[in-house]
Amino acid sequence: MSDKKAATRGPLTTPPSTPVRTPVQTLGEALAERGVSRRSFLKFASYTASILALPPTAATAIAQGLANARRQSVIWLSFQECTGCTESITRARTPSIEDLIFDFISLDYHHTLQNASGHAAEEARMAAMEENAGEYIVIVDGSVPLKDDGIYSTIAGITNLQMLEETVKDAFAVISVGSCAAFGGIPGANPNPTGAVPISDIITDKPVINISGCPPIPEAMTGTIAYLLSFAAIPELDHLGRPKAFFGEAIHDRCYRRPFYERGLFAKSFDDEGARQGWCLFEVGCKGPVTYNACATLKWNGGVSFPIQSGHGCLGCSEPGFWDLGGFYKPLSTAKGDPLKWAGGAAVVGAAVGAASAYAARNLRKKSLKAAAAAATPPTAEEKE
Amino acid sequence: MPRDARATCLDATVTGMALSVLAEVGRLLEALAASGQPGAIDLRSLPLTDADREQLEELLGRGEVQAELELTGRSEVWETAYPGAWWIRHRGAGDRIAAEEIAVCSVPDILLAHPDDIRAAARRLQHDLTTQQAPSAPEAGATNVETPHV
Ligand code: SF4
Ligand code: SF4
């Protein structure tokens, strides 16, 4: 499958009716009134360029794009979800440059955060859709149940499916945040009692950007929104619809424990000498080699740490089907004592190990995580039949 | 030097990365001298340990210019001992480093006043002068910016 290429706003949307709008302030003008100088835009742009892995020289263009943009209308729909994704993006802390993104958007509908409720809330959604037809962004967290006509999750008297289709109709783009919206996640896990599906199974006529993770890294969400605002375009996506800036590399590629992996030094349990020495967590179930996310570089809680740094293997939460892999503590390969063999596909030693294991991991990427794990795991008795 | 809070067991290791960055700064300085072409290196995207970062800062040294900026959190800019090579450190939540780069240019953009800010400043000063002279008759259409920028 070929990658979806970066696209611009023009050819992607043909809004059926674009209402005549009175001129509204640019973000530069609006924020200047609150004492936010253009230097602050530039600082935010430097931060954004850095998390988007763009060259620092792109900061000036980002700052200019943001200053000239209008406040972006965002309608946030929450379906079968746990609100963890909202928790992640709104992580409470002192106002800082990272939070300037919240001044750039107008969050016109969000169950958890809006003041309005009942009919007033739904009217706000309708008003935002009408006023910003063709230009608003719909962010969705949670999957959509389709079984039994979608009755397993309803809001305001309509099913999630109805609300999604109705709301997305005139949107510029859809962002599926979290693995539930991106891939079905927990509600879609075996045996998937509600027939939960990801947003991309339903919305096929608009760009759908998947920011997977359980929850996603906040910078991956805010960085993607900042990109949309600055360039009025969809960032380059991988074959699962995820921005390559955040999902272009495996956790394993950037893991600081990688030198131990290369030397074959593995923790065998969470309290053994290897664990205390900070050795590789592959044998205690780390899914880093087949998981694409930015945890090892952006880290969590403003860059404090990430699971592997805190002593726990990667769960693979940003990959499709990560719940059904058979156990978070089960090694990707159960081939006894030689995970390198799994990673390299052959006995690989010395300097060649790094390149070979990275190559093998990238090859595995072509399959889903589930398929990769299945390939690395002996079939069960049932499967043998 | 205030430390980034990302403590790992590798923090104290000098990997040699600082020397690679230094060589890159040298190439960018040559380009700036030859054609005026500015450049920059994003330090956050590089696998620098804290020890590498300290080594790089020490190797580049400090030059004649240092500036501290209050922009939704602190930022620091200083010219290194190699004129044209600037170290820019932006701090975010909890005073942690949110972005950090070495800019190779005459003056980093972040130090320049933006034309829009200059226009707004002119309007604001005019307004302040007017209200000081005739406080009972504020100028119509004056900007409502109250907080001085930077
Ligand atoms: S297997 Fe996990 S802990 Fe080991 S190097 Fe890879 S990502 Fe890091
Ligand atoms: S380390 Fe792995 S499981 Fe943990 S948040 Fe990152 S991608 Fe998800």
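Computed values, structure above
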| quantity | calculated |
| --- | --- |
| Hey, A:ASP103 in a helix (DSSP H, G or I), on the phi > 0 side of the Ramachandran plot and in the same structural domain as A:ALA220 (by TED's automatic domain parsing) or not | no |
| Hits in segment B:91-107 - residues which are open to solvent by less than 10 Å² (accessible area, probe 1.4 Å) and more than 9 Å from chain A (Cβ to nearest Cβ) | B:VAL104 |
| Residue check, A:LEU298 modelled with pLDDT of 95 or more and surrounded by fewer than 21 Cβ atoms within 10 Å (Cβ to Cβ) | no |
| Qualifying residues in segment A:236-256 (those that are surrounded by 22 or more Cβ atoms within 10 Å (Cβ to Cβ) and part of a loop (DSSP other than H, G, I, E, B)) - the one farthest from ligand 1 (Cβ to nearest atom) | A:GLY241 |
| Residues that are touching a Ser or Thr at 6+ places or on another chain (Cβ under 6 Å) and more than 12 Å from ligand 2 (Cβ to nearest atom), drawn from segment A:246-270 | A:TYR256 |
| Selection count, segment B:35-59, where residues are in a helix (DSSP H, G or I) and over 16 Å from the mean Cα position of the chain (by Cα) | 10 |
| Scan of segment B:24-58 for residues that are in contact with a strand residue (DSSP E or B) (Cβ under 7 Å, 6 or more places away or on another chain), open to solvent by 60 Å² or more (accessible area, probe 1.4 Å) and away from chain A (no Cβ under 11 Å), ordered by number | B:GLU24 |
| Flag if A:PRO259 is within 11 Å of ligand 1 (Cβ to nearest atom), within 14 Å of chain B (Cβ to nearest Cβ) and under 30 Å from A:ASP201 (Cβ atoms) | no |
| Near pairs, Cβ below 7 angstrom, 6+ apart or cross-chain, from segment B:63-74 (at pLDDT 95 or above) to any residue that is open to solvent by less than 60 Å² (accessible area, probe 1.4 Å) and assigned to a loop (DSSP other than H, G, I, E, B) | B:GLY63/B:THR80; B:GLY63/B:ALA81 |
| Checking A:ILE308 against (1) open to solvent by 10 Å² or more (accessible area, probe 1.4 Å); (2) within 11 Å of ligand 2 (Cβ to nearest atom), the condition it does not meet | (1) |
| All helices (runs of 4 or more DSSP H) inside segment A:110-210 with 1 or more residues being in the same structural domain as A:MET221 (by TED's automatic domain parsing), without any contact (Cβ under 8 Å) to a residue 24 or more places away in the chain and in contact with a Phe, Trp or Tyr (Cβ under 9 Å, 6 or more places away or on another chain) | A:118-131 |
| Tally of residues being within 11 Å of chain B (Cβ to nearest Cβ) and within 12 Å of ligand 1 (Cβ to nearest atom) across segment A:269-299 | 3 |
| Test for A:LEU332: is it closer than 15 Å to A:ARG254 by Cβ and over 21 Å from the mean Cα position of the chain (by Cα) | no |
| Extreme residue, farthest from B:HIS114 (Cα to Cα), among residues of segment A:40-67 that are more than 8 Å from chain B (Cβ to nearest Cβ) and not in a helix (DSSP H, G or I) | A:LEU52 |
| Segment B:69-90: number of residues that are assigned to a loop (DSSP other than H, G, I, E, B), facing chain A (nearest Cβ under 7 Å) and of a type outside the set (A, V, I, L, M, F, W, C) | 2 |
| Hits in segment A:291-305 (condition: near ligand 2 (Cβ under 6 Å from one of its atoms) and not in a helix (DSSP H, G or I)) | A:THR291, A:ASN293 |
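Residue-wise test of (1) surrounded by fewer than 20 Cβ atoms within 10 Å (Cβ to Cβ); (2) closer than 23 Å to A:ALA196 by Cα; (3) away from chain B (no Cβ under 14 Å).
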{"position": "A:GLU98", "(1), (2), (3)": "no, no, no"}
{"position": "A:ASN115", "(1), (2), (3)": "yes, no, yes"}
{"position": "A:GLU135", "(1), (2), (3)": "yes, no, yes"}
{"position": "A:ILE151", "(1), (2), (3)": "yes, yes, yes"}
{"position": "A:LEU161", "(1), (2), (3)": "yes, yes, yes"}
{"position": "A:THR167", "(1), (2), (3)": "no, yes, yes"}
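Each row is one residue, and each column tells you yes or no for (1) touching a helix residue (DSSP H, G or I) at 6+ places or on another chain (Cβ under 9 Å); (2) over 27 Å from A:ASN293 (Cα atoms); (3) crowded, with 20+ Cβ neighbours inside 10 Å; (4) at pLDDT below 90.
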| residue | (1), (2), (3), (4) |
| --- | --- |
| A:ARG34 | yes, yes, no, yes |
| A:SER46 | yes, no, yes, no |
| A:GLN64 | yes, yes, no, no |
| A:ALA67 | yes, yes, yes, no |
| A:VAL74 | yes, no, yes, no |
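The values are calculated or read from the model by the stated rules, or taken from the named source; none is laboratory data. Fair warning: this is a prediction, and the values are worked out from it, not measured in the lab. Ideal geometry is used to build each Cβ from the backbone, glycine not excepted, and the neighbour counts take in all protein chains shown. Just the protein is used for accessible areas: all its heavy atoms, side chains included, with ligands, DNA and RNA removed. Shrake-Rupley method; radii C 1.70, N 1.55, O 1.52, S 1.80 Å.
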